[in-house]
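Visitor: Let me give you the structure first, and then I'll get to my questions.
The values are calculated or read from the model by the stated rules, or taken from the named source; none is laboratory data. From a predicted model like this one, the values you see are computed outputs, not experimental measurements. A quick note on method: Cβ atoms are made from the backbone with ideal geometry, for glycine too, and the neighbour counts reach across all protein chains shown.
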Amino acid sequence: MTETLDLRAALSYPITEVTVFAAGREIHISDSKAIDEAVDFICSFEFHLEENLEMDAPGAVSIIVRVFADSEMKELTFPYCFYNGSVYATDVECVRLFEDYFLKQQPGS
């Protein structure tokens, strides 16, 4: 069985802000209902432990999510996430899904 990363358990609560860096834009979410929806979306991706990961261009296409809770900040990257010294990966399609989800919610998108 492949080890998975439970993003919801990796976060600290209560979450006070979510910042998403996608497609050259920075999106800040601070409304409590929007935070809950964003966290549900972010945690919907399943990450699997990658023991022999080979990346041709690390970070070339990625999404960065910063989740703030009180004075603590967790940074998650998609589709590859480094957590507790291990690399986890999710489907690279998540980049497009993030852009669709977050950028369409922003004025002027």
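Visitor: Condition first: surrounded by 15 or more Cβ atoms within 10 Å (Cβ to Cβ) and of a type in the set (A, V, I, L, M). Now tell me which residues in the range 6-34 satisfy that.
Guide: L7, A10, L11, I15, V18, V20, A22, A23, I27, I29
Visitor: Another question, then. Considering the range 19-30 alone, what residues qualify as being at pLDDT 85 or above and closer than 14 Å to Y101 by Cα?
Guide: Selection gives T19, V20, F21, A22, R25, E26, I27, H28, I29.
Visitor: Then there's this: Filter the range 1-11 down to the residues that are assigned to a loop (DSSP other than H, G, I, E, B) and over 14 Å from the mean Cα position of the chain (by Cα), then identify the one that is farthest from E75 (Cα to Cα).
Guide: M1
Visitor: Moving to a separate point now. Sort out which residues of the range 7-52 are closer than 13 Å to T90 by Cβ and without any contact (Cβ under 8 Å) to a residue 24 or more places away in the chain, and write them in order of number.
Guide: Passing the criteria: only S44.
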